[in-house]
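The structure under discussion appears below in the form of structure tokens.
The values are calculated or read from the model by the stated rules, or taken from the named source; none is laboratory data. Predicted, not measured: the structure shown is a model, and the values here were computed from it. No Cβ is skipped: glycine too gets one built from the backbone with ideal geometry, and neighbour counts run over all protein chains shown. SASA here: full protein model, heavy atoms, side chains in, ligands and nucleic acids out. Shrake-Rupley method; radii C 1.70, N 1.55, O 1.52, S 1.80 Å.
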Amino acid sequence: MERKLAWESYKDKQIKEMDKLATRYCKFLDRGKTERECVDVIVEMAEEAGYKNIDDVIKSNGKLKAGDKVYSVWMKKSVAMFNIGKKSLEDGMNILGAHIDSPRIDVKQNPLYEDGGFAYFDTHYYGGIKKYQWVALPLAIHGVVVKKNGEVVNINIGEDEKDPVFCITDLLIHLAYEQLDKKASKVIEGEQLDILIGSRPLKDTDKDAVKANVLKLLKDKYDIEEEDFLSSELEIVPAGKARMAGLDSSMVMGYGQDDRVCAFTSLEAMIEAETPEKTTCCILVDKEEIGSVGATGMRSRFFENAVAEIMDRTGSYSELKLRRCLANSKMLSSDVSAAYDPAFASAFEKKNAAFFGKGMVFNKFTGSGGKSGSNDANAEYMAQIRDIMDKNKIAYQTAELGKVDLGGGGTIAYILALYGMEVIDCGVAVLNMHAPWEITSKADIYEVKKGYVAFLLNA
């Protein structure tokens, strides 16, 4: 049952391929720090690989056949890609599904205020975070402001070396005796996560002069009024680029690797897996970190509608055939797993933990406590997956999300399983999960990409 380190099997060729993949991955992380930015990068990569927008096919009343490659974007935050296979869609698809949202801090709709000579943005955090990890760090602002006339203003401040950065302040250690006696969940509370954005007053202004100066700067550079924040989506993320980590450069450290590491490897695999027998699909969705809700989350009908459109363009649509297609499909719910951390060994049951460098991680179930909220894949499906991975010499391991009753988490797996399809969670092990800076193994990224290709072509 002992799983070997993937590194031990690599020759020079594999090392070079792995390093190139990791370099591309870092660029993907840097360019896609929000869902909208991810969608832009995904569409760019898809089109370079020959994928066409399904909307253009529909408008031209075009038809789809084996070998055609299309994608569908929903509300600029979710994407589904399809490579039409030789077999009927009724036989099902091989699906990779990941999410492209990550824990962060969102700017409120009425955010700007001044206090004590400082200007701040009021915020509300998104997803599960340890709030104390987000203070005293250089932060960037990404997102959009949409004016009443429909004009979209893109915002990206803090990533260029010439840009200013932002910060959430923390109490100095000299005055922190009471603070340090608090529980970790209370050391920094939600309403304290406000972003410091300025301290310079506007000349000849009697009231809220610092706020007035910020508004002037926003008006001069972006033509934004304060009221425009009502229709904005501004996300606060760590400023800076993803980097290779360790003296041996064996790891990647960057923001948003949960779950963009699985989104990236799924995308790369989808592009690489040419001429499949069964139609292949890659779903990259929003809102997983807050329960997969909303119009762009996995619980919406976006994916189902996209499949219906694909079937219609192939001339095979009916409600019954759509149901058969979804029920006969097989899926890897491409999401990260918790990597074993020796510094916190007591949180893990070592025999069933995921280790860096031992390849892709299969979680037969997630959830919490008595598997609450879990998909819990069938043993028959797990056996099929094992066979595919072994035949294609993919390094893999199995794991649970920490010790029983210690915590837990979920993915989009159970939502797709509602269609009756076979689904199992599978992805990359991550250190520092949900922290501003997360760490992954380059070997695991490489093995996961190869494993996803093997699944798409052989399931």
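Send over a whole-number figure in Å² for the accessible area per residue of the chain, probe 1.4 Å. Spell out each step's value before the answer.
Working: 21480 Å² over 459 residues.
Result: 47 Å² of accessible area for each residue.
If packing is taken as the average number of other Cβ atoms within 10 Å across a peptide's residues, how do 128-138, 234-244 rank, most packed first?
234-244, 128-138
Does a label point 7 Å from the Cα of Glu226, set along Cα-to-beta-carbon, have any residues of region 177-202 with amide nitrogen under 18 Å, and which are they?
Residues 195-202 qualify, since their backbone N sits under 18 Å from the label point.
Between Met382 and Arg24, what length in nm is gained on full extension when 0.36 nm per residue of separation is reduced by their alpha carbon distance? Don't skip to the answer; put the middle values down first.
Details: separation 358, 0.36 × 358 = 128.88 nm, distance 3.05 nm.
Residue separation times 0.36 nm, minus the Cα-Cα distance, leaves 125.8 nm.
Which lysines have a Cα less than 20 Å from the Cα of Lys182, not counting those fewer than 8 places away in the same chain?
Leaving aside lysines fewer than 8 places away in the same chain, those within reach of Lys182 are Lys130, Lys131.
Specify which residue in the list Ile224, Leu172, Gln257 is farthest towards the positive end of the charge dipole of region 148-260, using unit charges on the beta carbon of Lys, Arg (+1) and Asp, Glu (-1), about the Cα centre.
So the residue furthest toward the plus end is Leu172.
Can you tell me the relative contact order of the chain? Whole percent, Cα pairs under 8 Å, sequence separation 6 or more.
22 percent
Using only Cα atoms, tell me the angle between helix 257-272 and the longest principal axis of the chain; keep it within 0 to 90° and round to the nearest 10.
So the helix axis and the longest Cα principal axis differ by about 40 degrees.
Give, rounded to the nearest 20 debye, the magnitude of the charge dipole that the chain has about its Cα centre when Lys and Arg contribute +1 at Cβ and Asp and Glu contribute -1 at Cβ.
Charge dipole of the chain: 1360 debye, to the nearest 20.
I'd like the distance separating the alpha-carbon centroids of region 196-214 and region 147-186, in whole Å.
19 Å
Roughly speaking, to the nearest percent, how much of region 314-447's 1.4 Å accessible area is carbon and sulfur?
Of the solvent-accessible surface of region 314-447, carbon and sulfur hold 52 percent.
May I ask for the angle, rounded to the nearest 10°, between helix 35-48 and the longest principal axis of the chain, with both axes built from Cα atoms and the value confined to 0 to 90°?
40 degrees
Could you let me know the centre-to-centre spacing of region 1-77 and region 405-459, using Cα atoms, in angstrom?
What the calculation gives is 16 Å, centre to centre.
Could you rank the peptides 326-336, 57-67, 345-355, 446-456 by their average count of other C-beta atoms within 10 Å per residue, with the highest value first?
Output ranking for 326-336, 57-67, 345-355, 446-456: 446-456, 326-336, 345-355, 57-67.
Calculated from DSSP H runs of 4 or more alone, at -39500 (n - 2.57) each and per residue, what is the 222 nm mean residue ellipticity of the chain, nearest 500? Provide the component values of the computation, followed by the final result.
Details: 12 runs with 134 residues, N = 459.
That calculation yields -9000 deg cm²/dmol at 222 nm.
In debye, nearest 20, what is the charge dipole magnitude of region 258-374 about its Cα centre with +1 on Lys and Arg Cβ and -1 on Asp and Glu Cβ, if you could check?
540 debye
For the chain, give the share of DSSP beta bridges that are antiparallel, in percent and rounded to the nearest 5; count only bridges with both residues there.
Bridges in the chain that DSSP calls antiparallel: roughly 70 percent.
Would you mind calculating the gained length between Val146 and Lys403 on full extension (0.36 nm times residue separation, minus the Cα-Cα distance), in nm to one decimal?
Stretched out fully, the Val146 to Lys403 stretch lengthens by 88.0 nm.
Could you tell me the center-to-center distance, by alpha carbons, between region 217-239 and region 99-139 in angstrom?
Comparing the Cα centres of region 217-239 and region 99-139, I get a distance of 14 Å.
Mean projection of the alpha-carbon convex hull of the chain over all orientations, in nm²?
24.6 nm²
Based on the mean of other beta carbon atoms within 10 Å per residue, what is the order of 252-262, 408-418, most packed first? List each step's numbers first, then the result.
Values: 252-262: 27.0, 408-418: 21.4.
The most tightly packed comes first, giving 252-262, 408-418.
Once the piece of chain linking Ser199 and Arg301 is laid out straight, how much longer is it, given 0.36 nm per residue of separation minus the C-alpha distance between them?
Contour length minus the Cα-Cα distance gives 32.1 nm.
Would you mind checking Lys4/Lys330; Lys16/Lys449; Lys76/Lys221; Lys16/Lys450; Lys4/Lys350; Lys59/Lys330 for any pair whose Cα atoms are more than 20 angstrom apart?
Listed pairs above 20 Å: Lys4/Lys330; Lys76/Lys221; Lys59/Lys330.
Quick one: ranking Trp437, Trp74 by accessible area, 1.4 Å probe, largest first, what do you get?
Numbers: Trp437 65, Trp74 110 Å².
So, going from the largest accessible area down, we get Trp74, Trp437.
Counting only protein heavy atoms and using a 1.4 Å probe, what share of the accessible area of region 40-90 belongs to carbon plus sulfur, as a whole percent? Walk me through the intermediate numbers first.
Numbers: 1300 of 2620 Å².
Its accessible area is 50 percent carbon and sulfur atoms.
Lysines within cross-link reach of Lys148: Cα-Cα under 17 Å, excluding same-chain residues under 8 positions apart?
Lys219
Output the 0 to 90 degree angle, nearest 10, between the alpha-carbon long axis of helix 209-222 and the longest principal axis computed from the alpha carbons of the chain.
40 degrees
If I model a spin label as a point 7 Å beyond the Cα along the Cα-Cβ vector, how far apart are those points for Asp160 and Asp12 in nm?
Those two pseudo-labels are separated by 4.2 nm.
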